[in-house]
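First up is the structure itself, then whatever we jot down about it.
The values are calculated or read from the model by the stated rules, or taken from the named source; none is laboratory data. All of these numbers come straight from a predicted model, not from anything done at the bench. Heads up, the Cβs are rebuilt from the backbone with ideal geometry, glycines too, and the neighbour counts pull from every protein chain shown.
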């Protein structure tokens, strides 16, 4: 069983998930775990960068140099105290830094999130910078929208 700390780069406050996954999980399955953990919907391409290896889903297109993620299990490529990166959504540029906190020899196979901080950013919101700007703007402002709409009506 692998304990992974997954932290989204470039956002404050930190968006972090602690996940427990079996080493038998393929990287295609880990992709789906990360999608669920950050509240995304698998709407764009992704890659894992592990040392000099890049894994992804070549059948749906890739960023080049990508090995088929369905052929590799977590235990095949990562070790305790190592790190790797999950890159998601080419346009938005989300990068999740994943640290392997520990590896336990166990028969358990259940995937679990044991800890999390802050909600994941919305799918397709524009990446870390746009997400930060979006959070600064706050909630929906009906009055401001109607002021803009009034200008359109005057044109």
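Do we have any residue at all in segment 36-46 that's farther than 27 Å from residue 133 by Cα and at pLDDT 90 or above?
Restricting attention to segment 36-46, the residues satisfying the condition of being farther than 27 Å from residue 133 by Cα are none.
No; the residues of segment 36-46 include none that is farther than 27 Å from residue 133 by Cα and at pLDDT 90 or above.
Residues in segment 64-119 that are within 14 Å of residue 34 (Cα to Cα) and in a loop (DSSP other than H, G, I, E, B) were compared, and the one that is farthest from the chain's Cα centre (by Cα) is 111. Restricting attention to segment 10-63, the residues being without any contact (Cβ under 8 Å) to a residue 24 or more places away in the chain and part of a loop (DSSP other than H, G, I, E, B) number 4. Among residues of segment 72-93 that are at positive phi and loosely packed, with under 15 Cβ neighbours inside 10 Å, those with a beta-carbon under 7 Å from a residue that is part of a strand (DSSP E or B) and at pLDDT 95 or above at least six positions away or on a different chain give the pairs 81/100. Being surrounded by 13 or more Cβ atoms within 10 Å (Cβ to Cβ) and out of contact with any strand residue (DSSP E or B) (no Cβ under 8 Å at 6 or more places or on another chain) holds for only one residue in 116, 124, and it is 124.
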